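Read the structure below first, then the notes.
The values are calculated or read from the model by the stated rules, or taken from the named source; none is laboratory data. None of these values were measured; they are calculated from a predicted model. All Cβ positions, glycine included, derive from the backbone under ideal geometry; neighbour counts span all protein chains shown.
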Amino acid sequence: MTTTPRTIAALDVPLADVEQQLACAPLIAALATTHSPSDALAYHLDLFLVTHPKAPVSTDPNYPGFADWVAQQQAKNEAARRTR
C-alpha cells in the first residue's frame, strides 16, 4: 500500500484557528471538571462567544448610564462594608 506524500503546507493550520483553539482550551478544561450546572452553562456561553466573535453583545452605548450606575452601586457596597 502506498500513500501520496503530503507537503508541510497541507498540514499548516491558519493562525486564527490556532488562536481560537488556545482561547477555548481553558474553557473546555474547566467545563470538563465542573460539577455545577450554572458554571457549565457559563462555560458554554463563553465558548459560544469565543467561537462566534461577531455575535451581538450589548455594550455601554446600548445602555447609557448603566456603567455609572454600577460604579455607584460598587461605591455604596464598599462604604457599607467599611461601616461593619
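Of 79, 23, all but one fail to be surrounded by 10 or more Cβ atoms within 10 Å (Cβ to Cβ), part of a helix (DSSP H, G or I), at pLDDT 85 or above and of a type in the set (Gly, Ala, Ser); the exception is 23.
Would you confirm whether or not segment 34-44 contains a residue that is assigned to a loop (DSSP other than H, G, I, E, B), more than 12 Å from the chain's Cα centre (by Cα) and not small (Gly, Ala, Ser)?
Filtering segment 34-44 down to residues assigned to a loop (DSSP other than H, G, I, E, B) leaves 34-36.
From what is left, the residues that are more than 12 Å from the chain's Cα centre (by Cα) are 34-36.
Applying the additional criterion that residues be not small (Gly, Ala, Ser) yields 34-35.
There is at least one residue in segment 34-44 that is assigned to a loop (DSSP other than H, G, I, E, B), more than 12 Å from the chain's Cα centre (by Cα) and not small (Gly, Ala, Ser).
Between 17, 39, the distinction of being among the charged types (D, E, K, R) and either in contact (Cβ under 8 Å) with a residue 24 or more places away in the chain or surrounded by 12 or more Cβ atoms within 10 Å (Cβ to Cβ) (or both) belongs to 39 only.
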